[in-house]
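For reference, the structure discussed in these notes is given below.
The values are calculated or read from the model by the stated rules, or taken from the named source; none is laboratory data. Here the structure is a predicted model, which means the values were calculated and not measured. Cβ sites come from the backbone with ideal geometry, for glycine too, and all protein chains shown count toward neighbours.
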Amino acid sequence: MKEPILQARDLHKTFGDVKAVQGISFQIARGEIYSLLGPNGAGKTTTISMLTGLIRPTRGDALIGGYSITRDVQRVKEIIGVVPQEIALYPSLTARENLRFWGKMYGLSGKKLGEQVTAALELAGLQNRADDKVQNFSGGMKRRLNIAVGLLHEPQILFMDEPTVGIDPQSRRRILDTVKMLNEQGMTVLYTTHYMEEAEELSHRIGIIDHGRLIAEGTLAELTQLVGQMETMRLSVEAGTKDLTEVMAILHQIPELHNIFSENGHLIIQAQDANAALPVVISQLGQTRVAIKSLSIQEPDLEAVFLHLTGRALRD
Ligand SMILES: Nc1ncnc2c1ncn2[C@@H]1O[C@H](COP(=O)(O)OP(=O)(O)OP(=O)(O)O)[C@@H](O)[C@H]1O
Ligand SMILES: [Mg+2]
């Protein structure tokens, strides 16, 4: 890899009995967008909190720009920008006042502070709302401002923890485009998400995190190759009085099927050879009076990779 800006080595974090992070190691090259993709509770925020000096690892260490997160926290904080999962803004202050406050916290003052605040308002697309109180902003506007705060002191690497959760599609689009634009200008980004589409769209490399461990890592192409020849099919059924669990029990009797899951009322099945498995599925379901409403074969994506690796669906 090109010169790594971040090297995490065997990070662990235990909260009482909870092993939130259990030995995470990875590297990020300068100029990369690296995504940590994983479900709720996987350990994404805990990992970011350790890397950004908010909490101390129980074990392990990381170097960012050559500085240790356990021994040189202050140096690390100078070169990183953080966009936390929980929005860190003062509701009773305006957008501009929030930016000025955080800018001063980062040690900016005078002309530089003014320039950075103007640039941040522009980046967030909030020039026209600069003097409105944050409490009157939509969720998407707050998120955009939160991101701009993380960039005020011109960091070398930006940590973004699920920055698009719970916002409207337009703000989401704007945030994803902002990440790409920043990256094109040279920013390194560590991005966490449980949306596989975002990880697919943004990342140069992706680490899949589950139960506090990185279970796979690579480019999208490398990760989808892990699924190998396995084909994924999605079907929705009309099962009359039967529920999905009963339909799944029927499918479990079909030896051609490798994995069977339900997701949002759909069934996801994986097989070595969809062409061989589908006639059996159709005939078995027909015999038990389960009608198929729709059926599609999917290209391998990160969802399929996660299913393949964990036996569970990524979405809850
Ligand atoms: N301060 C804490 N005290 C106790 N347990 C914690 C603490 N912080 C996190 N945990 C636990 O550690 C595990 C990992 O949590 P973490 O917040 O890192 O997950 P996450 O991947 O960020 O999830 P989400 O997608 O919901 O944000 C969870 O089981 C969580 O309950
Ligand atoms: Mg989190």
Exercise. Residue check: is Glu154 farther than 22 Å from Tyr90 by Cα and not aromatic (Phe, Trp, Tyr)?
Worked result: no
Exercise. Across the stretch 29-50, what is the number of residues that are within 12 Å of ligand 1 (Cβ to nearest atom) and not β-branched (Val, Ile, Thr)?
Worked result: 11
Problem set entry | Residue in the stretch 239-246 that is free of Cβ contacts under 8 Å to residues at least 40 places away in the same chain, exposed (fewer than 14 other Cβ atoms within 10 Å of the Cβ) and β-branched (Val, Ile, Thr) present | yes
Problem set entry | Sole exception among (1) within 12 Å of the chain's Cα centre (by Cα); (2) at pLDDT below 95; (3) within 16 Å of ligand 2 (Cβ to nearest atom) for Leu190, by number | (2)
Exercise. Can Lys13 be described as more than 23 Å from the chain's Cα centre (by Cα) and either buried (at least 16 other Cβ atoms within 10 Å of the Cβ) or within 25 Å of Arg143 (Cα to Cα) (or both)?
Worked result: no
Problem set entry | Where Leu190 falls short, out of the listed (1) more than 24 Å from Glu263 (Cβ to Cβ); (2) out of contact with any strand residue (DSSP E or B) (no Cβ under 8 Å at 6 or more places or on another chain) | (2)
Exercise. Can you find a residue in the stretch 90-106 that is closer than 24 Å to Glu201 by Cβ and modelled with pLDDT of 95 or more?
Worked result: no
For this session: Would you be able to say whether some residue in the stretch 30-45 is over 23 Å from Val165 (Cα atoms), in a loop (DSSP other than H, G, I, E, B), in contact with a strand residue (DSSP E or B) (Cβ under 9 Å, 6 or more places away or on another chain) and not small (Gly, Ala, Ser)?
Result: yes
Exercise. Are any residues in the stretch 50-74 assigned to a loop (DSSP other than H, G, I, E, B), of a type in the set (Gly, Ala, Ser) and in contact (Cβ under 8 Å) with a residue 24 or more places away in the chain, and if so, which ones?
Worked result: Gly53, Gly65
Problem set entry | From Gly60, Gly43, residue being within 16 Å of ligand 2 (Cβ to nearest atom) and buried (at least 16 other Cβ atoms within 10 Å of the Cβ) | Gly43
Problem set entry | Only listed residue being farther than 23 Å from Ile147 by Cβ and under 22 Å from the mean Cα position of the chain (by Cα), chosen from Pro84, Pro39 | Pro39
Seminar exercise, completed: Within the stretch 75-116, of all residues that are without any contact (Cβ under 8 Å) to a residue 40 or more places away in the chain and of a type in the set (A, V, I, L, M, F, W, C), the one surrounded by the most Cβ atoms within 10 Å (Cβ to Cβ) is Val76
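So that you can scan it fast, the table gives a plain yes or no per residue for (1) at pLDDT below 85; (2) of a type in the set (A, V, I, L, M):
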| position | (1), (2) |
| --- | --- |
| Val247 | no, yes |
| Ser262 | no, no |
| Gly265 | yes, no |
| Val281 | no, yes |
| Gln298 | yes, no |
| Leu307 | no, yes |
| Leu314 | yes, yes |
Problem set entry | Count of the stretch 1-23 residues which are part of a strand (DSSP E or B) and within 11 Å of ligand 1 (Cβ to nearest atom) | 8
